[in-house]
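Values in this text are rule-based calculations from the coordinates and carry no lab data. Just so you know, these numbers come straight off a predicted model, no measurement behind them. Methodologically, a virtual Cβ is constructed for each residue, glycine included, from the backbone with ideal geometry; neighbour enumeration extends over all protein chains shown.
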Amino acid sequence: MDKTIKLTTAQALVKFLDQQYVSFDGKETKFVEGIFTIFGHGIAVGLGEALDQNPGKLKVFQGRNEQGMCHTACAFAKQNNRRKIIACSSSVGPGAANMVTACADATVNHIPLLVFPADTFASRQPDPVLQQLEVDSSLAVTTNDAFKSVCKYWDRINRPEQLMTAMISAMRVLTDPAQTGAVCISLPQDIEGEAYEYPEYFFKKRVHRIVRQAAALEEVKDVADKIMKSKKPLIVVGGGAKYSEAGEIIEKFCNTFNIPFAETQSGKSACRSSDPMCLGGIGVTGTLAANQIAKKADLIIALGTRLSDFTTGSKRQFKSGAEVVTVNVNRFDAYKMDATKAVGDLKETLLLITRELVEKKYKSAYKDEIATLKAKWDKEMERLSGIVYTGDKFKPMIEARDPRTLPEFHQLTGATLTQTAAIAAVRRCIDENANIVTAGGSLPSDLQRMWTTDERCGYHAEYGYSCMGYEVAGALGVKLAEPKKEVYSFLGDGSFLMLHSEIATAMQEKAKINLLLFDNCGFGCINNLEMTHGMGSIATEFRYRDKNGKLSGDLIPIDYAMIGKGYGMKTYTVRTVEELEEALADSKKQKVSTLIDLKVMPKTMTDGYDSWWDVGLAAVSESKSVRSSRKEVEEGRKEARKY
């Protein structure tokens, strides 16, 4: 008879989590670092009691907002190349619902996130319990059913013994490079406290091997044959290159066969920016060099990318007739755009493709185009770095605007600082090996174009879900993953207002994060989207309501440095490049987290560079400018690949 140990469901869960490890390339790592939690009545006396009694080596983190703590956990897992996680737990009802957004974020980006939302009573005896969502068509439905559409695996523990198969399945998904994403294990609050005689073997040390499985040789040959027929291919490096640790192999591949590469938001910093074959970002937020090469390439080699609309320019970035090949561990992503596919680990598969091409002595037909376009982009970078607001005759890069905005903002703040000049100054001033974080708004666009780094994984962007509010929590997750490096989070005032509560957690953990808060009095990116498509400025600038009841009054000033100061951060307010450089220099000397409130002139972000984005603009409108923009959208759709 197998030996057993009597534990509550919650105690067994904690004991199990503490024994999970992963092994990758022969290196063994403890998989579950700890648990983030905000204790409420549905979790405090169940899982909370278990963590209080014996957490083992698990570290307990105190979140301030359930979505925020999950973003921190996502960033931690991402920065650890998916080989370490922090689980997240919440109370029933609103606490659980707050985690749904972060779960969607994790699943979209293929990041392992394990959540334990408390649930109603399995017995139903006290129904409706506090915070219970009742659905009259089924008493089995609770708030936690909302997780089903955003998770890769979902389960509810209605009996203590169900925990065993549920957690084995959870680990199967979390440690699978092809299938990983959010996993939700719903914990009815009465079941958390119920006891069961668990077999001791359930708590043995488990090592989940993340193995490199190369693509089938037939698929390798298919891809190699396509490349052999190509004269001017272009490689697109996606986030999968980071998780496969394939950056050096990709660089060698590109230089051996004279193939340039461009980067997605997730793939940026998998390879070195200084590599002679690197063209920078591609697509809607890409560089001129990458986008012009893309328009002439006869073959697109997509490595570890989801091929999102921003990467492909809504499938119009590549020339008509260009073929696509993919190398991806995820079969779903590999099949996109009718690609010739090789499904397997990127690093191992690329090595096999390399052998095929070396044997056949392949070389692309590029001559000086790569170097010429890179030099042209370098000059544009110099121009962007030197832009300063000069007064009434100043012409911003984004011309569509409310004529009041620039002079009004300058008068309100005294700023002359532009967004592109600020980014360039930050790059000059901070450490070469610093990590940066970004997510929503116009900053990821500028950073994908302008940021350079040779630090592997030094560029941390959440752009798959483009979740505003990720930036503060994400910076904390990156810092927890790599505590010896400085981390700088680029975020707009809109993102900061959405979610910044995990500043308190960063202060609690004494984990220094540096927030670079770009204040332009609005959701600048979406204001650009509206106005460049013929619309007026509606509810995207931060303005008071005027006498006519519209949101078109004066701009609303906010002192973000004061907010940071309230948390105990070292804060600065800057209006010029010189003030920014001084603040960055001083912030390096600080031991506590810092916040630099950058008063940045609106409309001074970069515009598009030879790309296009399909948007659902009105087909019928009283506005002549909207009708004109609609024609442009329709023309773009005619030229775009259909699928």
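Structure data summary
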item	result
Of the chymotrypsin sites (Phe, Trp or Tyr not before Pro) in the stretch 60-151, those whose Cβ has at most 11 other Cβ within 10 Å and which sit in DSSP loop	none
Whether the stretch 150-205 is rounded, prolate or oblate, judged on the alpha carbon gyration tensor where a/c under 1.5 counts as rounded	oblate
Farthest positive-ward along the chain dipole, Cα basis, beta-carbon charges - from Ala400, Gly494, Tyr196	Ala400
Nonlocal amide H pairs with Arg156, under 5 Å, H built at 1.01 Å	Ser186
Radius 9 Å from Cβ of Cys278, net charge of other residues (Lys, Arg +1; Asp, Glu -1)	-1
Mean separation of Cα contacts under 8 Å (6+ apart) over length of the stretch 1-106, as relative contact order %	31
Within the stretch 265-280, backbone nitrogen closer than 12 Å to the virtual label 7 Å beyond the Cα of Glu382 toward Cβ	none
Given charges at beta-carbon only (K, R positive; D, E negative), |dipole| of the chain in Debye	1540
Largest-first ellipsoid semi-axes for the stretch 1-95, taking √(5λ) over the Cα gyration tensor eigenvalues, angstrom	22, 22, 9
Between the stretch 1-49 and the stretch 503-541, the alpha-carbon center distance in angstrom	37
Estimated vicinal HN-Hα couplings, Hz - the stretch 430-447 in sequence order (Karplus 6.51, -1.76, 1.60; Gly, Pro = x)	8, 4, 4, 9, 5, 8, 10, 10, 8, 8, x, x, 7, 5, x, 4, 5, 5
Overall form of the chain per C-alpha gyration tensor (a/c, 1.5; a/b vs b/c)	oblate
Amide H within-cut-off set for Lys341, under 5 Å, with H built and near neighbours excluded	Thr326
Distance between the stretch 476-490 and the stretch 567-621 - C-alpha centres, whole angstrom	18
Net charge of neighbours whose Cβ lies under 12 Å from the Cβ of Phe518, counting Lys and Arg as +1 and Asp and Glu as -1	-4
Selection from Phe310, Ala270, Ala178 lying farthest towards where the dipole of the chain points positive, charges on Cβ	Ala270
Percent RCO, i.e. relative contact order, over the stretch 1-50, from Cα pairs under 8 Å lying at least 6 residues apart	35
Test item: Cα-centred dipole of the stretch 492-643, Lys/Arg +1 and Asp/Glu -1 on Cβ, debye	320
Taking the chain and dividing mean pair separation by its residue count, relative contact order in percent (alpha carbons under 8 Å, at least six apart)	13
Relative packing of 576-588, 372-384, which averages over residues the other C-beta atoms within 10 Å, highest first	576-588, 372-384
Net length gained if the chain between Ser274 and Lys363 were fully extended (0.36 nm per residue, minus Cα distance)	29.9 nm
Environment charge at Tyr609 (Cβ cut-off 12 Å; Lys +1, Arg +1, Asp -1, Glu -1)	-1
Helix-only [θ]222 nm of the chain, DSSP H runs n ≥ 4, -39500 (n - 2.57) each, per residue, nearest 500	-10500 deg cm²/dmol
Part-to-part distance (alpha-carbon centres) for the stretch 53-127 and the stretch 140-168, which is given in Å	13
